[in-house]
């Protein structure tokens, strides 16, 4: 039995907009085990952003419980959530969110600056290692504006990897990229997954979801589908695309 | 979060925008440098004034003629004949705290040496006048008590008089010059003393026995002023009271009655001048500190704009694990770094400015350590005070909204 990285039990999230209550999540349950590559799909309004915020410890559920790496999240304070984000989660965003006029290396170092248990030397070494993991070891001194979109997203992935998180949370991480670069990025995710990283990939594109091993589909705050899929190789797709 | 990381985060954020960081600092630089320059120049001007006054002798006591009333009519002081040689003698014999005393009788007129002439003012005194006035004889001799008794027609001249009457540079000693129609033999030349704080040339002087002025020039028996030296600076106050008591007795002035003389000390002048310059220093520093406040508001303004501009960055930092406190401290740290570096540059610039100005004005250069210290504290306080509100605003952002902010 694989270890549970994420366990979600009867998760509800209700927002109050004016006098009206909006139920974004209406009782969702699933588990993600270590080493899984899961895509979370859904149209806008399906609740996938809300789910991602809760999974990313940016938000707390109204009811139900969320465990990450065995830690129950719903009763944590804001500061404890920050520490959880820092130690257990690696975010990859659609728009990369790199700091401008800051070298790739310093961008990747950033999460470790908020972890006082890591020394300056260790920080540098870890950042170099994760840049090498995404194949950018020779671009470390480059600023974001000197990098292509795909390279910028790789820096962002390296940043997500640097604190050695239990899960990578990607939010439409290929949304700003052309098809070819999207495949490259998916190939990188697959490679990281094959090395043992757990990945949750939020997307609304079915062809991107095809590169994952399991799809959870949301609609109107419920899961309507949760099934394993045969993972297509992004490497293969890239080869075929080139033809 | 550890301080080193905090400092690293803040300094990296500032270095991303060097031009803006510099412009933000500029306000503080100007504010601090003007405060430092003003205080420093104020202090050096008051030191230069008090140096000049001290060079005239802070133990100098001057007794002037006071106003006199007769039947309700105030006669002012210029025509009074209340001070006499008898008073001088009384002071000499009775005052314990006075080391030297001389009458002073002034007269003005044209000095002539052959084709050269110069408007001169004659000062008549006894042989002690030169030492009381802190003059030194460069060449020749002082006149003697004998000369005073004989109303001798001898004089001691200052450098300005010598230069104007003997423009060819010949030695004036032993030469004869005329004042009105009276010939005076030059027996001494004074060392140069320069100008006093009022810009008066102290070398434009001709000193003769007072009896000569009284009998041969003005035909009077009273004196215009009495000058005395206290034993020391510290005794100037006691000497003043002593002289007042002696003159009360010799002028038969009862207590409660208005004095017909007034006693001034150089010490009083010094105090008056230093209180004026002290006030000026405070005033200038106050005006300069307004620019410091403006500089602080500049920092606040930029930091405030920065927060809005960097909402996405703040969201990202929060998403990768920055606590609200970390964001608060980062922004606070940025504004403190800005104001402290600005302050340091401002202090250097201020010192440089006041050094340049004091060199130009030939004033002594003073580094006011308290002004530097206070400026530095003010900088840190400015950073915290004006950085607090923007930092608070940044820290209170919601990470979800901040991340999605466009």
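The values are calculated or read from the model by the stated rules, or taken from the named source; none is laboratory data. All figures in this text were calculated on a predicted structure; none of them were measured in a lab. Every residue, glycine as well, gets a Cβ built from its backbone with ideal geometry; the counts of neighbours run over all protein chains shown.
What the table shows:
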| read-out | value |
| --- | --- |
| Residue tally, condition assigned to a loop (DSSP other than H, G, I, E, B) and either under 29 Å from residue B:266 (Cα atoms) or without any contact (Cβ under 8 Å) to a residue 12 or more places away in the chain (or both), over the stretch B:151-170 | 4 |
| Pick from the stretch B:230-243, criterion crowded, with 20+ Cβ neighbours inside 10 Å and at pLDDT 85 or above, ranking: farthest from residue B:82 (Cα to Cα) | B:230 |
| Condition broken by residue B:277, with the remaining ones in (1) modelled with pLDDT under 90; (2) surrounded by 20 or more Cβ atoms within 10 Å (Cβ to Cβ); (3) in contact with a helix residue (DSSP H, G or I) (Cβ under 6 Å, 6 or more places away or on another chain) satisfied | (2) |
| The stretch B:107-136, residues that are surrounded by 16 or more Cβ atoms within 10 Å (Cβ to Cβ), in contact with a strand residue (DSSP E or B) (Cβ under 6 Å, 6 or more places away or on another chain) and under 13 Å from residue B:205 (Cα atoms) | B:107, B:109, B:111, B:118, B:120, B:122, B:123, B:124, B:125, B:129, B:135 |
| Residue tally, condition closer than 30 Å to residue B:41 by Cα, touching a residue at least 60 places away in the same chain (Cβ under 8 Å) and exposed (fewer than 15 other Cβ atoms within 10 Å of the Cβ), over the stretch B:244-274 | 1 |
| Criterion violated by residue B:87 - all others in (1) more than 30 Å from the chain's Cα centre (by Cα); (2) surrounded by fewer than 21 Cβ atoms within 10 Å (Cβ to Cβ) satisfied | (2) |
| Answer residue from the stretch A:75-100, given it is in a loop (DSSP other than H, G, I, E, B) and exposed (fewer than 15 other Cβ atoms within 10 Å of the Cβ) and is farthest from the other protein chains (Cβ to nearest Cβ) among those | A:75 |
| Condition check for residue A:9: out of contact with any helix residue (DSSP H, G or I) (no Cβ under 9 Å at 6 or more places or on another chain) and surrounded by 15 or more Cβ atoms within 10 Å (Cβ to Cβ) | yes |
| Qualifying residue in the stretch B:341-357 (condition: within 25 Å of residue A:100 (Cβ to Cβ) and surrounded by fewer than 22 Cβ atoms within 10 Å (Cβ to Cβ)) | yes |
| Among (1) out of contact with any helix residue (DSSP H, G or I) (no Cβ under 6 Å at 6 or more places or on another chain); (2) under 21 Å from residue A:53 (Cα atoms); (3) assigned to a helix (DSSP H, G or I), the one test that residue A:121 misses | (2) |
| Exclusive hit being away from every other protein chain (no Cβ under 14 Å), closer than 30 Å to residue B:354 by Cα and surrounded by 22 or more Cβ atoms within 10 Å (Cβ to Cβ), set B:292, B:283 | B:292 |
| Number of the condition not met by residue A:64 [criteria: (1) more than 19 Å from residue B:402 (Cα to Cα); (2) in contact with a helix residue (DSSP H, G or I) (Cβ under 7 Å, 6 or more places away or on another chain)] | (2) |
| Filter result for residue A:46 (more than 15 Å from residue A:198 (Cβ to Cβ), touching a strand residue (DSSP E or B) at 6+ places or on another chain (Cβ under 7 Å) and part of a strand (DSSP E or B)) | no |
| Of the criteria (1) surrounded by fewer than 23 Cβ atoms within 10 Å (Cβ to Cβ); (2) at pLDDT 95 or above, which one residue A:159 fails | (1) |
| Enumeration of residues in the stretch B:313-354 that are assigned to a helix (DSSP H, G or I) and at the interface with chain A (Cβ under 8 Å from one of its Cβ atoms) | B:313, B:315, B:316, B:317, B:318, B:319, B:324, B:325, B:326 |
